[in-house]
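A.B. asks: First the structure, which I've put down as structure tokens, then a few questions once you've had a look.
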Amino acid sequence: MIDEKRSARLIPALLLLIALPAFGQVRLPRLISDGMVLQRDARIKLWGWAGANEKVTVAFGDSIYRAPANERGEWNVPLQGLKAGGPFTMTVSASNSITVRDIMVGDVWVCSGQSNMELPMRRVRPLYETEIANSKNPYIRHFAVPQKYDFNAPHDDLESGTWQSADPSTVPGFSAVAYFFGTELYAKYHVPIGLINASLGGSPAESWLSEEASKEFPVHLKEAERFKDPALIKQIEVGDKTRIDSWYLQLKQKDEGYHDPRKPWFDPALNVSDWSCMSIPGYWASTSLGPVNGVVWFRKDVNLAASMAQQPAKLNLGRIVDADSVFVNGVFVGTTSYQYPPRWYEIPSNVLKEGRNTIVVRVISNSGKGGFVPDKPYEIVCEGQTVDLKGIWQYRLGATMEPLGSQTFIRWKPVGLHNAMLAPLLNYSIRGVIWYQGESNAARPVEYRELFPAMIRDWRKHWNQGDFPFLFVQLPNFMDAKPEPSESNWALLREAQLNTLSLPHTGMAVAIDVGEWNDVHPLNKKDVGKRLALAAQKVAYGDDKVVYSGPVYQSMKIEEGKVIVSFTQTGSGLVARGGQLRCFAIAGADKRFVWAKARIENDRVVLWSEQVPHPVAVRYAWADNPEGANLYNAEGLPASPFRTDQ
């Protein structure tokens, strides 16, 4: 007869014994995995977890390292003096064994910030088809950190992630800025380059601060404390989802373009004689519709040559605010759910035909002005021919809705990204950091003067690698150009970035000439990566001969009604690209700035204005979009915007 009470006591104990071997097995963090790049010529740490007090052995190269795990199962092994090379293999053993293969030793860079760092090569592919096709290089590796947040505690590991070597199949997923930065460094130094991409679109700097560092910024600390409550997060997320789903469901139900399933508005045979007309690109707020939100359908007929019939083609529709679905001759060819990505659609073969072809675009505007962003390509490209789609399109309102309120972006709240995306990296030895961020802090540029340096100091403290190189991109030109000198939050934030160069071992890539007035995500990421690599050559690699920066304001003096401005980083000399110097403004004691005449004399800039006989202050490229700013050094690097009237 079975003793049921005794069995009841034994079952939990047996289950515990069964579980112990699995619990005690050695485990490695995600970063220490096949294909990883370890930092050369540095003290590095291999770490992981095992059973409490379990003995761990690491075999790497010709050496054997041993370390006992502590009572929490944590262990680490220090290595130092590794020389560039590979591939190598490492075996970690305890009650089980893990082999890590294809290890390289070289330079490791953390690549962080918001969307312009996150932006992958696939988003800029039409500009860089050749670079992607020729991207195979086993010595350039990329690790994408999963985009997570946590307000309660720093994570000790990542949920997922793998190292990937560069080749045409993987590079489209690489950060574009990071990839071009890495290729420049590899071409220069011929050592393996590891790129750890820890970035998240829209993230402000405070989301990358630790809780400890946030104490300097009580408003952000209070917000972080608020979101420690998972019930609050759940409530907000459910509320947002319910509200947004309801809006789009109602929109679909109201959309007249779908009311008659026999004659949807994307049908090429639809009678559209009563549709209105407008010029594309443009926004329908300027038409008789006015600034309505909801759905507007657009339609254009184009005649195509026989050589394009039945051929695959590319359909470029610039950028559309906010979302779109596209049909060609009644065939659905693609959709984009938000306003920022370029609209690059593939038209399959057998869709285009000789003669008349009908393109229909269903555009959703959820708030603000809806329509087609100007100064973008709108075209069909097929068989070496380009058909311009700009001009008159027909349109009709499908549904009107009240504006859809924005969701609460919890992932951008203070501290969350530091805990979940940065903390798991802090044991991993690095060469330095590249950073592209600031757009989400541009409304608070004065705070950024303290916030950004505090974040850099915070990262350096937690990494415990001293003042490692920290290189960043100054905000590019963006938004409408102003005809007269004016105030600008973007200029103020650029100034905060410029001032951050006072921290040791920092470098800045000026991007004032590679932005786009109509796009917060400019496509030129190659020049940005190159300029960051130049800064790395100086700051990280100690090359004192490289010209790594454009001109930076140093001082000014006033002589006989003229201002003489001196610069550092003049390289082989100051130059004005494309004619006379532009974008210099001058003011007297009244601080009313007017455009100044300017010329280069002996690597200084002399400026004056008949309207300001007694100048006291100067500004250069001080605007959201300083169109025409053209002060460079002879090496082709642009001068940083500046002002003297701080």
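The values are calculated or read from the model by the stated rules, or taken from the named source; none is laboratory data. In this text, all values refer to a predicted model and were calculated from it rather than measured experimentally. A quick note on method: Cβ atoms are made from the backbone with ideal geometry, for glycine too, and the neighbour counts reach across all protein chains shown.
A.B. asks: Among the listed residues ALA309, ALA323, ALA313, which satisfies the condition of being more than 30 Å from GLN253 (Cβ to Cβ), crowded, with 18+ Cβ neighbours inside 10 Å and either modelled with pLDDT of 95 or more or outside the structural domain of LEU389 (by TED's automatic domain parsing) (or both)?
C.D. replies: Testing whether each residue is more than 30 Å from GLN253 (Cβ to Cβ), crowded, with 18+ Cβ neighbours inside 10 Å and either modelled with pLDDT of 95 or more or outside the structural domain of LEU389 (by TED's automatic domain parsing) (or both) leaves just ALA313.
A.B. asks: Something else now. Restricting the search to the range 90-117, which residues are within 30 Å of TYR338 (Cα to Cα) and in a strand (DSSP E or B)?
C.D. replies: Residues satisfying the conditions are VAL110, CYS111, SER112, GLY113.
A.B. asks: Can you pull out the residues in the range 546-571 that are in a loop (DSSP other than H, G, I, E, B) and either closer than 22 Å to LEU498 by Cα or within 31 Å of the chain's Cα centre (by Cα) (or both)?
C.D. replies: Scanning the range 546-571 gives VAL546, VAL547, TYR548, SER549, GLY550, PRO551, GLN569, THR570, GLY571.
A.B. asks: Of the residues GLY257, GLY334, only one is buried (at least 16 other Cβ atoms within 10 Å of the Cβ) and under 29 Å from the mean Cα position of the chain (by Cα); which?
C.D. replies: GLY334
A.B. asks: Residues to consider are ALA224, ALA269, ALA213; find the one that is farther than 15 Å from GLY398 by Cβ, surrounded by fewer than 19 Cβ atoms within 10 Å (Cβ to Cβ), among the aliphatic types (A, V, I, L, M) and modelled with pLDDT of 95 or more.
C.D. replies: Only one candidate passes the filter, namely ALA269.
A.B. asks: Would you point out the residue of the range 602-627, among those that are part of a loop (DSSP other than H, G, I, E, B) and among the small types (Gly, Ala, Ser), that is nearest to LYS482 (Cα to Cα)?
C.D. replies: ALA623
A.B. asks: Among the residues of the range 493-514, which ones are crowded, with 22+ Cβ neighbours inside 10 Å and not hydrophobic (A, V, I, L, M, F, W, C)?
C.D. replies: ARG494, GLU495, GLN497, GLY507
A.B. asks: In the range 118-151, what residues are in a helix (DSSP H, G or I) and among the acidic types (Asp, Glu)?
C.D. replies: GLU118, GLU129, GLU131
A.B. asks: What's the number of the condition GLY113 fails, among (1) surrounded by fewer than 17 Cβ atoms within 10 Å (Cβ to Cβ); (2) within 30 Å of ASN477 (Cα to Cα); (3) touching a Ser or Thr at 6+ places or on another chain (Cβ under 9 Å); (4) not hydrophobic (A, V, I, L, M, F, W, C)?
C.D. replies: (1)
A.B. asks: Is at least one residue of the range 95-102 within 19 Å of ASN427 (Cα to Cα) and either in the same structural domain as THR162 (by TED's automatic domain parsing) or not small (Gly, Ala, Ser) (or both)?
C.D. replies: Taking every residue of the range 95-102 in turn, at least one turns out to be within 19 Å of ASN427 (Cα to Cα) and either in the same structural domain as THR162 (by TED's automatic domain parsing) or not small (Gly, Ala, Ser) (or both).
A.B. asks: What are the residues in the range 352-385 that are surrounded by 20 or more Cβ atoms within 10 Å (Cβ to Cβ) and assigned to a loop (DSSP other than H, G, I, E, B), if any?
C.D. replies: Within the range 352-385, LEU352, ASN366, GLY370, VAL373 qualify.
Okay, residues lined up against (1) farther than 30 Å from LYS376 by Cα; (2) aliphatic (A, V, I, L, M):
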site	(1), (2)
TYR128	no, no
ILE132	no, yes
ILE140	yes, yes
GLN164	yes, no
PHE174	no, no
PHE180	no, no
LEU221	yes, yes
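A.B. asks: Does LYS188 qualify as being over 20 Å from TRP459 (Cα atoms), touching a residue at least 40 places away in the same chain (Cβ under 8 Å) and out of contact with any Pro (no Cβ under 9 Å at 6 or more places or on another chain)?
C.D. replies: Spelling it out, LYS188 is indeed over 20 Å from TRP459 (Cα atoms), touching a residue at least 40 places away in the same chain (Cβ under 8 Å) and out of contact with any Pro (no Cβ under 9 Å at 6 or more places or on another chain).
A.B. asks: Now a separate question. For the range 42-53, enumerate the residues that are assigned to a loop (DSSP other than H, G, I, E, B) and surrounded by 15 or more Cβ atoms within 10 Å (Cβ to Cβ).
C.D. replies: Across the range 42-53, the qualifying residues are ALA42, ALA50, GLY51.
A.B. asks: Moving to a separate point now. Conditions first: (1) assigned by TED's automatic domain parsing to the domain that holds ASP467; (2) in a loop (DSSP other than H, G, I, E, B). ARG531 passes all but one, so which condition is the exception?
C.D. replies: Failed condition: (2).
A.B. asks: In the range 54-83, what count of residues is obtained for those that are outside any strand (DSSP E or B) and modelled with pLDDT under 95?
C.D. replies: Summing the residues that are outside any strand (DSSP E or B) and modelled with pLDDT under 95 in the range 54-83 gives 3.
A.B. asks: Okay, next question. Just checking, which of TYR428, TYR448, TYR436, TYR395 is of a type in the set (Ser, Thr, Tyr), buried (at least 22 other Cβ atoms within 10 Å of the Cβ) and outside the structural domain of ASN197 (by TED's automatic domain parsing)?
C.D. replies: Exactly one of TYR428, TYR448, TYR436, TYR395 is of a type in the set (Ser, Thr, Tyr), buried (at least 22 other Cβ atoms within 10 Å of the Cβ) and outside the structural domain of ASN197 (by TED's automatic domain parsing), namely TYR395.
A.B. asks: Let me ask something additional. Within the range 506-531, how many residues are small (Gly, Ala, Ser) and farther than 22 Å from CYS583 by Cα?
C.D. replies: Going through the range 506-531 one residue at a time, the tally reaches 2.
A.B. asks: Considering only the range 138-153, state which residues are touching a strand residue (DSSP E or B) at 6+ places or on another chain (Cβ under 9 Å) and crowded, with 17+ Cβ neighbours inside 10 Å.
C.D. replies: Once the filter is applied, which keeps residues that are touching a strand residue (DSSP E or B) at 6+ places or on another chain (Cβ under 9 Å) and crowded, with 17+ Cβ neighbours inside 10 Å, the range 138-153 yields TYR139, ILE140, ARG141, HIS142, PHE143, ALA144, VAL145.
A.B. asks: Residues being under 18 Å from the mean Cα position of the chain (by Cα), outside any loop (DSSP other than H, G, I, E, B) and of a type in the set (A, V, I, L, M, F, W, C): count how many of those fall in the range 152-207.
C.D. replies: 10
A.B. asks: Then there's this: Is it fair to say LYS234 is outside the structural domain of TYR338 (by TED's automatic domain parsing) and in contact (Cβ under 8 Å) with a residue 12 or more places away in the chain?
C.D. replies: No.
Here is a yes/no grid of residues against (1) crowded, with 18+ Cβ neighbours inside 10 Å; (2) within 17 Å of VAL171 (Cβ to Cβ); (3) charged (D, E, K, R):
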| position | (1), (2), (3) |
| --- | --- |
| ASN70 | no, no, no |
| ALA94 | yes, no, no |
| VAL100 | yes, no, no |
| GLU118 | yes, yes, yes |
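A.B. asks: Filter the range 443-466 for residues that are in a loop (DSSP other than H, G, I, E, B) and touching a strand residue (DSSP E or B) at 6+ places or on another chain (Cβ under 9 Å) and give the result.
C.D. replies: Matches in the range 443-466: GLN465 only.
A.B. asks: Taking the range 94-139, which residues are among the hydroxyl-bearing types (Ser, Thr, Tyr) and within 30 Å of PHE452 (Cβ to Cβ)?
C.D. replies: Result: SER112, SER115, TYR128.
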